[in-house]
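What follows draws every value from the coordinates through simple rules; no lab data is involved. In this text, all values refer to a predicted model and were calculated from it rather than measured experimentally. Note: ideal-geometry Cβ built from the backbone for every residue, glycine included; neighbour counts use all protein chains shown.
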Amino acid sequence: MNSKNRVRFAPSPTGYLHIGGLRTALYNFLYAKKTKGEYFLRIEDTDQKRFVPGAIEKLIESLKWAGIMHGEGVFVDEKGNVTEKGEYGPYIQSKRVGIYQKYAHQLVKEGKAYYCFCTPERLDSLRAVQEKAKLAPAYDKLCLKTYSSEEVDEKIKNGEKYVIRFDIPETGETQFEDAVRGKMKFVNKNLDDYVLLKSDGYPTYHLAHVVDDHLMETSLVLRAEEWLPSTPKHILLFESFGWDPPQYGHLSTILNKDTKKKLSKRDGDVSVEDFQKKGYLPEAVVNFIALLGWNPKTEQEIFSLDALAEEFDVAKLNKAGAIFDLEKLDWMNGLYIREKNIKELADLCRPYLEKYKDKLSDGYLEKIVSVERERMKKLSDIAENTEFYFDSPEMDAKILKWKDMSDEDLQNSLARSLEIFSGIEEKNWELNNIKDKLMEAADPKNRGEMLWPLRVSLTGKEKSPSPWEVAWVIGKEESTKRINWAIKLAKI
RNA sequence: GGCCCCAUCGUCUAUCGGUUAGGACAUCAGGUUUUCAUCCUGAAAAGAGGGGUCCGACUCCCCUUGGGGCUACCA
């Protein structure tokens with residue numbers, strides 16, 4: 001037996017990593033880090049209908065982006081091939097079907113499970129009848145009750161399709177201690193004789209989970225709340241095999257802000273990849289989701305991954321569902337953006353300015369980023385309202401005037417700015433220098449009279465960074481050109 | 001319908017029977033400021049309802065209500 005804590009993240013490769021899945025992975029990862037245990041990645045691809053090619057690679061890519069890396073399980077190598085590492089493999093369930101089949105049949109032999117030959121049609125009508133009678137829909141054990149073992153052998157020999165069902169006791173209760181919810185108690189007769197092995201020979205989640213987490217020596221299963229109702233089924237299965245179940249902890253659901261229901265693909269962008277594309281930083285996403293359903297019980301809110309691992313404690317996991325509030329994520333993302341150094345931030349922003357890539361030479365992007373950084377919430381903001389760094393702005397002469405300035409005042413103001421700029425030598429075209437010269441010249445009681453028209457003539461916008469910042473970025477020549485153009489425009 | 005889980009500001013949450021119910025986001029108002037943003041100050045904002053238990057309940061128990069989840073040969 002392994003004395004280390006062993007936890008896992010076991011997603012299905014259905015196309016992308018859900019943000020809720022990322023949180024589940026994160027908590028497991030943090031637990032392992034905190035307790036110096038092992039965190040491994042298993043792929044649950046037992047539903048052939050839902051398998052999406054390339055999904056495993058994408059899943060791992062998203063986890064890697066977030067910095068949630070496992071030391072055991074399924075990996076992607078440098079060549080892009082899916083590989084595995086670890087003593088408990090294979091870690092991809094489709095490679096383990098023989099194992100599941102062996103255990104399922106063993107249970108049948110021991111009289112704890114049975115073959116079921118019922119057609120989907122019969123199951124459907126059975127369910128319909130039960131629902132109409134306001135009963136809990138459940139399999140009626142028909143095949144268990146009606147067929148002798150000889151009849152079963154005969155049917156199988158004739159090639160009849162079957163599934164293997166778990167024979168759940170009709171009496172008694174199943175109890176367990178949930179790491180986040182405490183004592184849980186379920187009445188066995190409410191439990192259905194669920195399918196262990198499907199007619200295609202693949203296991204259901206239930207069988208695969210129990211067999212794998214026993215064989216892989218998982219000590220704690222932190223998983224989504226939606227699994228809570230099937231946990232007694234899993235406990236009973238473990239017991240049938242004579243195995244000790246792992247400890248369970250069921251995580252609260254992440255809810256959609258508008259519908260207050262489980263966040264789903266239909267609600268829009270919920271995949272990790274979507275957040276990445278929209279310009280969220282992994283630090284912010286990780287920090288934010290960590291706090292959705294977990295709290296360190298202090299007033300600290302900003303945590304690096306390492307700091308989270310330091311503080312993480314299963315006992316501090318929350319029970320209630322948490323609404324995913326994008327506004328707070330935006331704030332937090334802005335915070336992390338402002339902490340980035342210019343070089344790194346520029347590199348992160350570059351993909352969003354693909355259409356201007358010819359104009360981004362010689363540190364130009366670094367300059368833009370240093371000016372825009374404090375007003376960005378997402379990396380993609382670098383492409384919002386920033387055209388004036390690349391092209392002469394569209395100018396609306398009406399907004400050039402500061403407050404109730406006269407035409408003459410405006411001309412004077414712009415002329416004065418032009419004069420100041422021409423007084424600054426090219427080699428002294430530095431941010432602080434430009435700022436000092438402008439501030440010196442501006443009337444302290446009414447700086448807007450000078451700064452507003454100048455800024456608008458440089459940007460064409462009512463809202464933008466300061467005139468000295470923009471002037472510094474676009475350079476003396478371009479700045480001068482734009483002021484001259486504004487002067488002309490204002491005269492018309 | 002059946003089974004299960006959950007319940008403090010709009011949102012994320014603190015409170016492990018005694019607090020002016022705290023923090024953060026968002027909102028609003030100020031300050032800094034040419035504008036925006038940043039930053040700083042401040043304000044408004046919560047224990048779903050009803051029963052118990054207790055000297056005392058947001059906190060413990062029960063009921064109601066509300067919300068959510070599960071109810072597949074999907075996970």
Relative to the Cα centre, what is the charge dipole magnitude of the stretch A:223-264, using +1 at the beta carbon of each Lys and Arg, -1 at the beta carbon of each Asp and Glu, and rounding to the nearest 20 debye?
-> 300 debye
The stretch A:259-389: translational diffusion in µm²/s, Stokes-Einstein, Kirkwood Rh over Cα pairs, 4 °C, 1.567 mPa s | 79 µm²/s
Go through A:51, A:156, A:295 and say which Cα lies farthest out towards the positive end of the charge dipole of chain A; charges sit on Cβ, +1 for Lys and Arg, -1 for Asp and Glu.
-> A:156
Taking the dipole about the Cα centre of chain A, with the C-beta of Lys and Arg at +1 and of Asp and Glu at -1, give me whichever of A:100, A:276, A:386 is farthest to the positive side.
-> A:100
Consider just the alpha-carbon atoms of the stretch A:433-474 and return their Rg together with their Dmax, both in angstrom.
-> 9.8, 28
Under 5 Å, built H, 5+ apart or other chain: amide partners of residue A:323 = A:255
Packing-ranked peptide list from A:403-411, A:37-45, A:21-29, highest mean Cβ count within 10 angstrom first, is A:21-29, A:37-45, A:403-411
Additional length obtainable on full extension of the chain from residue A:95 to residue A:129, 0.36 nm per residue less Cα span | 8.4 nm
Centre separation in Å (Cα based) which lies between the stretch A:202-270 and the stretch A:280-296 = 22 Å
Among the GluC sites (Glu not before Pro) in the stretch A:79-132, which ones are in a DSSP loop with at most 15 other Cβ atoms within 10 Å of the Cβ? Mind listing them?
-> A:87, A:110
Where the only charges are on Cβ atoms (+1 Lys, Arg; -1 Asp, Glu), what is the dipole of the stretch A:325-426 about its Cα centre, to the nearest 20 debye?
-> 380 debye
If you place +1 on the Cβ of every Lys and Arg, -1 on the Cβ of every Asp and Glu, and leave all else neutral, what size is the dipole of chain A about its Cα centre, to the nearest 20 Debye?
-> 760 debye
Let me have the 222 nm mean residue ellipticity of chain A computed from DSSP H runs of 4+ only, each contributing -39500 (n - 2.57), with the sum over all residues rounded to the nearest 500.
-> -12500 deg cm²/dmol
Listed here are the pairs A:367/A:491; A:260/A:378; A:189/A:316; A:34/A:319; A:58/A:112; which of them are more than 30 Å apart at the Cα?
-> A:367/A:491; A:189/A:316; A:58/A:112
Long-range amide H partners of residue A:6, meaning residues 5 or more apart or on another chain whose placed amide H is closer than 5 Å, are A:38, A:219, A:220
Peptides A:205-211, A:90-96: what's the order by average Cβ count within 10 Å, highest mean first?
-> A:205-211, A:90-96
Separation in nanometres of the label points that stand 7 Å from Cα toward Cβ, at residue A:199 and residue A:439 | 7.9 nm
Solution diffusion estimate, µm²/s, Stokes-Einstein, the stretch A:376-461, Kirkwood Rh from C-alpha pairs, 25 °C, viscosity 0.890 mPa s | 172 µm²/s
DSSP-loop GluC sites (Glu not before Pro) across the stretch A:276-333, with at most 11 other Cβ within 10 angstrom | A:299
Computed curve, the stretch A:312-430, Cα-only Debye sum without solvent term, log₁₀ I(q)/I(0) at 0.11, 0.23 Å⁻¹, is -0.62, -1.21
Taking alpha-carbon centroids only, the stretch A:298-323 lies from the stretch A:137-173 a number of Å equal to 46 Å
Binned Cα-Cα distance frequencies in the stretch A:197-242 - 5 Å width, integer % = 5, 18, 30, 29, 14, 4, 0
Based on a Kirkwood Rh over C-alpha pairs, give the Stokes-Einstein translational diffusion coefficient of chain A at 25 °C and viscosity 0.890 mPa s in µm²/s.
-> 90 µm²/s
For chain A, share of DSSP beta bridges that run antiparallel, in % to the nearest 5 | 55 percent
Given the candidates A:252, A:221, A:201, the one whose Cα lies deepest towards the positive end of the charge dipole of the stretch A:188-257, counting +1 at each Lys or Arg C-beta and -1 at each Asp or Glu C-beta, is A:252
